[in-house]
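The values are calculated or read from the model by the stated rules, or taken from the named source; none is laboratory data. What you are looking at is a predicted structure, and each value in this text was computed from that prediction instead of being measured. Here the Cβ positions follow ideal geometry from the backbone for every residue, glycine too, while neighbour counts run over all protein chains shown. Note: accessible area is taken over every heavy atom of the protein model, side chains too, but ligands, DNA and RNA are not part of it. Shrake-Rupley method; radii C 1.70, N 1.55, O 1.52, S 1.80 Å.
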Amino acid sequence: MVGEFGRTPVLVFGGPYSNLRALQALRAKAAALGVPPPRVICTGDVVAYCAEPEETIAAIRDWGCHVVAGNCEQQLALGADDCGCGFAQGSACDSLSKGWYAFAVARISAASRAWMAQLPNSLWLTYRGLSLRVVHGGIDRINRFLFSSQRSLIATELARARADVVIAGHAGLPFIRPHRDQVWFNPGVIGMPANDGTPDVWYGLIRCTGDGLGFLTQRLSYDHHGAASAMRKHGYADAYADALISGCWPSIDVLPAHERASTGEGLKEQELIVPSPRLSSTRTWRAVAAV
Ligand SMILES: [Fe+2]
């Protein structure tokens, strides 16, 4: 249990993916927004595709934010043979993951593995009377991919969540999906673009509104050319280096049909207002116009 968050905004984000420059940009954004480290939560996968795994771990530990274990942390801490993303054997994602995973394994210290091993699988908090649960993938399966179009899967996961709102990562695309009186909120990842044809990455904000909380998805620009150049120096995952520039993933194996069809379409920032049971008699979600 993280605790009661009062009225200060909360910043949530996923997948730094060894992208040190993106993490530094997000930390600067948090400072500009006045969000202190105890109100910042990472949904895991600190280490993955990009060029600076050990440096990114050091930077996130120095920041002092909360971190939930991702499948990458679990696998690296265990000394496992692969990233545990659950990619189909022989798929393009499976093949590409072999390059970056071996690169990361060779660069992570014993101290960083020990830090990864002690990360929690879930965080719980209450904010304006709403219960929020933070996980990496699914409720019970850390590497479950859940995308916005998968309404029935999301409903099934929410039924087991024991929380008003679930904040999750792993999938790599930002979305806010209400179901009855619960919400699944994926703020996206900062280590890789959102397959929308722009190099921007994504994070989320949770802020107080008149009668509840607003959940927002937000774009973040950063030095993506520098991040791609750092990867190309080593040549272990050039397809992902290209993705940092183009904004489109090198493989869309994991995406459902709707998200596949949206490849290259610029995403819009969104906000959903969730009324607090303490402050409002209605439990009707209000989607704020996308901007
Ligand atoms: Fe993951």
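Quick one: which residues, 5+ away or cross-chain, put their amide H under 5 Å from the amide H of H179? H built at 1.01 Å from N.
Result for H179 returns W184.
Of all beta bridges DSSP finds with both residues in the chain, what is the antiparallel percent, to the nearest 5?
So the antiparallel bridges amount to about 65 percent of the total.
Over the stretch 3-288, what is the relative contact order in whole percent, taking alpha-carbon pairs under 8 Å and six or more residues apart?
In percent, rounded to a whole number, it is 20.
Restricting to Cα pairs below 8 Å that are 6+ residues apart, what does the relative contact order work out to for the stretch 49-143? Please round to a whole percent.
So the answer I get is 36 percent.
Where does each of 264-271, 233-240, 14-21 land if you order them by average Cβ count within 10 Å, highest first?
Most protected by this proxy first, the peptides run 14-21, 233-240, 264-271.
Can you compute 3J(HN,Hα) from phi for each residue in the stretch 87-102, using the Karplus curve 6.51 cos²θ - 1.76 cosθ + 1.60 with θ = phi - 60°, rounded to whole Hz and x for Gly and Pro?
Once θ is set to phi - 60°, the couplings for the stretch 87-102 become 5, 5, 4, x, 6, 4, 4, 4, 5, 5, 5, 5, x, 6, 5, 4 Hz.
Enumerate the lysines that K98 could reach by cross-link, defined here as Cα to Cα under 25 Å, with residues fewer than 8 away along the same chain left out.
Those lysines meeting the cut-off are K233.
Hey, how many Å between the Cα centroid of the stretch 83-144 and the Cα centroid of the stretch 151-209?
Result: 16 Å between the Cα centres.
What list of ³J(HN,Hα) couplings, whole Hz, do you get for the stretch 61-70 from phi and the Karplus terms 6.51, -1.76, 1.60, once you set θ to phi - 60° and write x for glycine and proline?
So the Karplus estimates, Gly and Pro as x, are 5, 5, 5, x, 7, 6, 9, 8, 5, x Hz.
Each residue of the stretch 146-163 in order: what ³J(HN,Hα) in whole Hz does its phi give by Karplus 6.51 cos²θ - 1.76 cosθ + 1.60, θ = phi - 60°, with x for Gly and Pro?
10, 10, 4, 6, 8, 4, 5, 5, 5, 4, 5, 5, 5, 4, 9, 7, 6, 8
Defining a contact as two alpha carbons under 8 Å apart and six or more residues distant in sequence, what relative contact order in percent does the stretch 1-114 show?
About 25 percent, as a whole number.
Excluding ligands, DNA and RNA, what is the solvent-accessible area per residue of the chain at a probe of 1.4 Å, expressed in Å²?
Value for the chain: 39 Å² per residue.
Starting from the coordinates of the alpha-carbon atoms of the chain, obtain the Kirkwood hydrodynamic radius over all distinct pairs and give the value in Å to one decimal.
Across the chain, the inverse of the average 1/r is 18.8 Å.
Report, to the nearest whole %, how much of the accessible area of the chain belongs to carbon and sulfur atoms, 1.4 Å probe, protein only.
51
Is the stretch 49-191 best put as rounded, prolate or oblate by its Cα gyration tensor, with a ≥ b ≥ c the root eigenvalues, rounded for a/c under 1.5, and otherwise prolate when a/b is larger than b/c, oblate when not?
Taking the square roots of the gyration eigenvalues as a ≥ b ≥ c, the stretch 49-191 is oblate.
Would you list which lysines come within 30 Å of K268, measuring only between C-alpha atoms, while excluding same-chain residues fewer than 8 positions from it?
Cross-link targets: K29.
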